[in-house]
Amino acid sequence: MTRKRQLRFTVIRSLVAILIALLVATVLIFISAEGRTFMDKLQATGEALKQMLLGPIFRFSKNAGLSFEAKRLLDIFAAMIPIIFTGLSVCVMFSANQFNLGAEGGIMLGAFVAAMVAIYLPLPAGIHPLVAVLLCGTAVSVVMLIPALLKAKLNVSEMVCSLMLNYIIMYVIKFLMNSFLADKSKGQIQSHRFLESANIPAMVNDPLFIGAKLTWGFPLALIAVLLCGLFMYRSRWGYSIRMIGINQEFARYSGMNVGKTIVLSQLIGGFLAGAGGGIEMLGRYETFSWNALPGYGWTGITIAILAGNNPYMVPLAAFFMAYLSKGCDLMATYARVPAQLINIIQGVIFLFCAADRFLSKYRQKLVVKSAEEELARAGALKED
């Protein structure tokens, strides 16, 4: 199948999965909606859907009606930053057919390393966050060597190993915070305040957008998308990663170093997750206070699946997930529908996008059409 048709199939399958997930969500909203009669429940369902689908960027009022809220859009862009990095991280690892789930622990470790650099390593402004982010990515890459080498050398399941590694990272960080690094003058477990030189500044300082959380981490995330796409589709190593993901045995008999490429894919994935954690921490927080896994890595898996492991599609998938998460929060506030609905929607999307037989007949038609066109071109060349 040509790349163009592969992209079309990925987009159509993702859209169908999203529509099915939204239909399931509508049914669940109707069941949980308050109201004694059918019409009352139907009206409550409509109000909840309005908040979920329009609320993230529009404000509702009786006098002005529907009005666009630019600040809410900026907040969605801000929420995209960490999940773009985890989405890219998962894309690279999944492209090599390595089901490494370590992006969740990786982004937490990256955030923790960034916090320590921001507190205990004084550097000039501008250089400080750059050094912190590079150290975050490097630290997580080193940790990702554990599942990578175990997979390459001993064929240990990278999925199980990385999943357990997430919780090891979380509990080690909690131990260090509780025992040594917490600011004892505070009423909760949190670090000392970051040095001002380590902060990643806000992109928008207009008084109209006071409280907007968008930082210069957003263009950095888009640059990461571009670099990751170029690496995957324009470099020899990216080609090796994709070929090993398609057929590992064929890649081995073609002379590719499978073990080395497996390790490389997980090192790059770890670096992206760690850098995302550092950028998120230095851009939106002043102290480190995460006492649990943040959930960005799990969302990154859904984003990678929606994007079809294509780095260039990650920003669109991240925008959808950030938009939907904001909508579910608003729905819980104004329509009294549990915000955990976002987890159900993610699960349904994951279920359908990960199913090999979902829209398999349509995919087969595209494959046959591509083969027929290739044969027709070959026949035309012979005649010439």
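Please work out the C-alpha center-to-center distance from segment 287-343 to segment 216-250 and express it in whole Å.
Segment 287-343 and segment 216-250 have Cα centres separated by 23 Å.
How would you rank His128, His192, going from fewest to most other Cβ atoms within 10 Å of each one's own Cβ?
Numbers: His128 22, His192 18.
The fewest-first ordering by Cβ neighbours comes to His192, His128.
Place +1 on the Cβ of every Lys and Arg and -1 on the Cβ of every Asp and Glu in the chain, take the dipole about the Cα centre, and give the residue among Val140, Val314, Gly379 whose Cα lies farthest towards its positive end.
Farthest towards the positive end: Gly379.
Plugging the Kirkwood radius over Cα pairs into Stokes-Einstein for segment 73-318, at a temperature of 20 °C and a viscosity of 1.002 mPa s, what D comes out in µm²/s? Numbers along the way, then the final one.
Values: Rh = 18.2 Å.
Stokes-Einstein gives a translational diffusion coefficient of 118 µm²/s.
Given H placed 1.01 Å from N in the peptide plane, which residues other than close sequence neighbours of Phe58 have an amide H under 5 Å from its amide H?
Glu69
Determine ³J(HN,Hα), in whole Hz, for all residues of segment 250-260 in sequence, where each value follows from phi through the Karplus function 6.51 cos²θ - 1.76 cosθ + 1.60 and θ = phi - 60°; x replaces Gly and Pro.
Karplus-based 3J(HN,Hα) across segment 250-260 equals 4, 4, 5, 6, 7, x, 6, 7, 5, x, 5 Hz.
With each run of n ≥ 4 DSSP H residues scored as -39500 (n - 2.57), what mean residue ellipticity at 222 nm is computed for the chain after dividing by its residue count and rounding to the nearest 500 deg cm²/dmol?
Numbers: 14 runs with 269 residues, N = 384.
For the chain, the value works out to -24000 deg cm²/dmol.
For segment 17-34, just list the computed ³J(HN,Hα) in residue order, Karplus coefficients 6.51, -1.76 and 1.60, θ = phi - 60°, integers in Hz, with x standing in for Gly and Pro.
Each residue's phi maps through the Karplus curve to give 4, 5, 4, 4, 4, 5, 5, 4, 4, 4, 4, 5, 5, 4, 5, 8, 5, 7 Hz.
Between Val156 and Asn205, how many nm apart are label points set 7 Å from Cα along the C-beta direction?
If labels sit at Val156 and Asn205, their model points lie 4.9 nm apart.
Pop the C-beta distance of Arg336 and Ala70 into the FRET formula with R0 = 25 Å and round what comes out to the nearest 0.05.
Working: r = 28 Å, r/R0 = 1.10.
Efficiency at R0 = 25 Å is approximately 0.35.
Normalised by the residues of segment 73-318, what does the relative contact order come to in percent, with Cα pairs under 8 Å and at least six apart? Before the final figure, lay out each step's value.
Numbers: 452 pairs, mean separation 110.5, N = 246.
In percent, rounded to a whole number, it is 45.
Round to the nearest 0.05 the FRET efficiency obtained for Ala380 and Leu7 when R0 = 30 Å and r is the Cβ-Cβ distance.
0.75
For segment 74-87, in order, what is each residue's ³J(HN,Hα) by Karplus, 6.51 cos²θ - 1.76 cosθ + 1.60 with θ = phi - 60°, in whole Hz (x at glycine and Pro)?
Going residue by residue, I get 4, 5, 5, 4, 5, 5, 6, 4, x, 7, 5, 5, 5, x Hz, with x marking Gly and Pro.
For the chain, what is the charge dipole size about the Cα centre, in debye to the nearest 20, if Lys and Arg each add +1 at the Cβ and Asp and Glu each add -1 at the Cβ?
Working: 34 positive and 20 negative charges, 120 e Å.
With only Lys, Arg, Asp and Glu charged at Cβ, the dipole is about 580 debye.
To the nearest 0.05, how large is the calculated FRET efficiency for Leu230 and Lys184 if R₀ is 41 Å and r is the Cβ-Cβ distance?
Values: r = 47 Å, r/R0 = 1.15.
The computed FRET efficiency comes out at 0.30.
Pick out which of Gly102, Gly327, Gly297 has the largest mean-square fluctuation in a Gaussian network model of the chain, springs linking Cα atoms closer than 10 Å.
Looking only at Gly102, Gly327, Gly297, the largest GNM fluctuation is found for Gly327.
Lys/Arg Cβ at +1, Asp/Glu Cβ at -1, dipole of segment 73-318 taken about the Cα centre: which of Met170, Met281, Ser185 is farthest positive-ward?
In segment 73-318, that residue is Met170.
If the elastic network links every pair of Cα atoms under 10 Å, which of Ala115, Ala103, Ala33 fluctuates the most in the Gaussian network model of the chain?
Ala33
Pick from Arg36, Arg234, Arg242: which is most flexible by mean-square fluctuation in a GNM of the chain where alpha carbon atoms under 10 Å apart are linked?
Arg36
We did not get these values from a lab; they are worked out from the coordinates using the rules stated. Not measured: the values here are computed from a predicted model. Cβ: placed from backbone, ideal geometry, glycine included. Neighbour counts: every protein chain shown.
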